[in-house]
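See structure below.
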Amino acid sequence: MEKIIIQGDRPLNGTISVSGAKNAALPLIAATLLAPGTYKLHNVPDLRDTRTMLKVMEILGAVWTRQGKTVIIDSTNLTGLEAPYDLVKTMRASVLVLGPLLARSGYARVSLPGGCAIGARPINYHLRGFEQLGVTTVLAEGYVEARVDGKLQGNVVYFDNPSVTGTENILMTAVLAEGTTVIKNAAREPEVSNLIDMLVSMGAVIEGRGDDRLTIHGVKTLNPVEATIIPDRIETGTYLIAVAATGGEVTITDCCPDHLPSLIEKLRSCGVQIEEGKGTITVKREKQAEIRSTDIKTMPYPGFPTDLQAQFMALMIQADGVAVINETIFENRFMHVAELQRMAADVRINGSSALVKGKPRKLLCGTQVMATDLRASASLVIAGLAAHGKTEVSRIYHLERGYENMVEKLSLLGADIKKIQE
Ligand code: EPZ
């Protein structure tokens, strides 16, 4: 197994580019199941999770090749309609094949994803949405067996919470249903809009892009297309916070500042300089400049992303006061706290809130820490970059699920960081 070794307390300087968004690539890959043919997806990050999704596609009978950042998928001959537990358990987003398979073939059998480190994460909204569109679902032996008797019928689908993959699954089902579907309290994340853009270019009719009310007028057929994955706003945010934590000046290219309204606002209120450009963001903090403690509350987009909560905590542990971090999306997303406490951070959890009492950086010290989930691992890397001494982060397979070449990119910025075999 591999781990990362960091010698901390060095500013980051220079320029890096971000990769395509993991959470857009996954639904756009699944969408290629909707209509037989050859698709070209550009800016697809090469990550553990995108590789898993492509394995699921292979099992269903699709054929794919990668040429640099472009993945070509031929979904003409589907030979299977089942996504197995062995793959779904490693990446719950595999459930995104349910909608397109139902729309194309009227049947799908997909393993239930099971529990996750950050919360129970059931898929009841997805299943109820499918049932609204005329699908019969049966849960047996840990699998969802979903079948359409006759044709999918447009209907109103309401989500208690604006579920991201729930919205994506119902979108990919309703595009080929008879009549009109309205999704109420839909997710507004940029990744959902990226999927809508691809579906519309395939011939779908969807209104309300970016809103919490989406109207889908079903069509008879769709066509294969070329599409491009948007930049990864969570990767962008992770590097912005890393520079805020270490000090330095970095320009991030190939990113989209408009996708990070809440984070940019919060970093500015911490006293960090942020300059937004066309496809670029420059972040700057003098190493000695104080970081002002700032409260955050995670919310659906455009609120503060839950996928940046852990990273922001790694900044607040060295701020000049007390910050309250309120996690409203997932019930168990403070797994990084115990590891940050091992670095002498002062964090107290009280239900869905964490009270972070900042300390001067010289009191935060590197040590051995363990990653527990994707974003928690990014938070530990940031804390290690800022802290004094050596930090060893183990179980980094979590990190590689969602960050392409993180060690190389940080080295480019002057970090003393390397990946070694345990
Ligand atoms: C997506 O997960 C992202 N994953 C997550 O990113 C992200 O944290 C999350 O949205 C929230 O922004 C992908 O896009 C692949 P939800 P998703 O359905 O769609 C509850 C990362 O680090 N809920 O929006 O699974 C759920 O438990 C990952 O990249 C139900 O109760 O999240 C949660 O409390 C982690 N029943 C809330 O809704 C359902 O059927 C929002 O979850 C669906 C969701």
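Would you mind stating whether residue 97 is closer than 21 Å to residue 172 by Cα and crowded, with 18+ Cβ neighbours inside 10 Å?
Values: closer than 21 Å to residue 172 by Cα: yes; crowded, with 18+ Cβ neighbours inside 10 Å: yes.
Criteria met by residue 97.
Counting only residues that are away from the ligand (no atom under 15 Å from the Cβ), of a type in the set (Asp, Glu) and farther than 20 Å from residue 190 by Cα, give me the strands (runs of 3 or more DSSP E) lying completely in the stretch 261-329 with at least 1 of them. Walk me through it before giving the result.
Working: elements: 273-276, 281-285, 322-326.
Hits in the stretch 261-329: 273-276.
Just to verify a result, which residue in the stretch 115-144, among those that are touching a Phe, Trp or Tyr at 6+ places or on another chain (Cβ under 8 Å) and surrounded by fewer than 20 Cβ atoms within 10 Å (Cβ to Cβ), is farthest from residue 178 (Cα to Cα)?
Among those that are touching a Phe, Trp or Tyr at 6+ places or on another chain (Cβ under 8 Å) and surrounded by fewer than 20 Cβ atoms within 10 Å (Cβ to Cβ), it is 119.
Among the residues of the stretch 407-417, are any surrounded by fewer than 20 Cβ atoms within 10 Å (Cβ to Cβ) and in contact with a helix residue (DSSP H, G or I) (Cβ under 8 Å, 6 or more places away or on another chain)? No, every residue in the stretch 407-417 fails to be surrounded by fewer than 20 Cβ atoms within 10 Å (Cβ to Cβ) and in contact with a helix residue (DSSP H, G or I) (Cβ under 8 Å, 6 or more places away or on another chain). Residue 90 is checked against (1) within 25 Å of the chain's Cα centre (by Cα); (2) of a type in the set (Val, Ile, Thr); (3) more than 17 Å from residue 33 (Cα to Cα); (4) buried (at least 17 other Cβ atoms within 10 Å of the Cβ) and fails just one. What number does that condition carry? Single failed check for residue 90: (4). For the stretch 330-345, the criterion of a residue being within 16 Å of the ligand (Cβ to nearest atom), surrounded by 15 or more Cβ atoms within 10 Å (Cβ to Cβ) and among the β-branched types (Val, Ile, Thr) is satisfied by no position.
Each row is one residue, and each column tells you yes or no for (1) free of Cβ contacts under 8 Å to residues at least 12 places away in the same chain; (2) closer than 22 Å to residue 196 by Cα; (3) under 24 Å from the mean Cα position of the chain (by Cα); (4) crowded, with 17+ Cβ neighbours inside 10 Å.
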position	(1), (2), (3), (4)
8	no, no, no, yes
16	no, no, yes, yes
24	no, yes, yes, yes
42	no, yes, yes, no
54	no, yes, yes, yes
67	yes, no, yes, no
103	no, yes, no, yes
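Any chance the stretch 382-396 includes a residue that's outside any strand (DSSP E or B) and either more than 17 Å from residue 6 (Cα to Cα) or hydroxyl-bearing (Ser, Thr, Tyr) (or both)? There is no residue in the stretch 382-396 that is outside any strand (DSSP E or B) and either more than 17 Å from residue 6 (Cα to Cα) or hydroxyl-bearing (Ser, Thr, Tyr) (or both). Scanning the stretch 1-34 for residues that are more than 16 Å from the ligand (Cβ to nearest atom), touching a helix residue (DSSP H, G or I) at 6+ places or on another chain (Cβ under 7 Å), of a type in the set (A, V, I, L, M) and assigned to a loop (DSSP other than H, G, I, E, B) yields a count of 2. If you check 200, 192, 243 for being over 30 Å from residue 417 (Cβ atoms), out of contact with any helix residue (DSSP H, G or I) (no Cβ under 8 Å at 6 or more places or on another chain) and among the aliphatic types (A, V, I, L, M), only one passes: 200. The residue pairs whose first member lies in the stretch 268-282 and is under 16 Å from residue 17 (Cβ atoms), whose second member is surrounded by 16 or more Cβ atoms within 10 Å (Cβ to Cβ) and of a type in the set (D, E, K, R), and whose beta carbons are closer than 9 Å, counting only pairs six or more residues apart or on different chains, are 282/249. In the set (1) within 16 Å of the ligand (Cβ to nearest atom); (2) of a type in the set (Val, Ile, Thr); (3) without any contact (Cβ under 8 Å) to a residue 24 or more places away in the chain, residue 63 fails one condition alone, (1).
Find the residue count for the stretch 146-192, including only residues that are polar (S, T, N, Q), more than 12 Å from the ligand (Cβ to nearest atom) and either assigned to a helix (DSSP H, G or I) or within 24 Å of the chain's Cα centre (by Cα) (or both). Steps first, please.
So in the stretch 146-192, the residues polar (S, T, N, Q) come out as 153, 155, 161, 163, 165, 167, 169, 173, 180-181, 185.
Add one more test, that the residue is more than 12 Å from the ligand (Cβ to nearest atom), and what stays is 153, 155, 173, 180-181.
From what's left, either assigned to a helix (DSSP H, G or I) or within 24 Å of the chain's Cα centre (by Cα) (or both): 173.
Number of matching residues: 1.
The set of residues from the stretch 201-218 being assigned to a strand (DSSP E or B) and either in contact with a Phe, Trp or Tyr (Cβ under 8 Å, 6 or more places away or on another chain) or among the hydrophobic types (A, V, I, L, M, F, W, C) (or both) comprises 205, 206, 214, 216. Which ones in the stretch 239-267 are among the polar types (S, T, N, Q), under 23 Å from the mean Cα position of the chain (by Cα) and under 17 Å from residue 16 (Cβ atoms)? Within the stretch 239-267, 251, 253 qualify. In the stretch 309-331 there is at least one residue matching the filter, namely being touching a Cys at 6+ places or on another chain (Cβ under 8 Å) and either at pLDDT 95 or above or of a type in the set (Val, Ile, Thr) (or both). If you go through the stretch 36-69 and pick out every residue that is in contact with a Pro (Cβ under 7 Å, 6 or more places away or on another chain) and part of a strand (DSSP E or B), you end up with 2.
The values are calculated or read from the model by the stated rules, or taken from the named source; none is laboratory data. Here the structure is a predicted model, which is why all the values come from computation and not from measurement. Here Cβ is always computed from backbone atoms with ideal geometry, including for glycine, and neighbour counts include all displayed protein chains.
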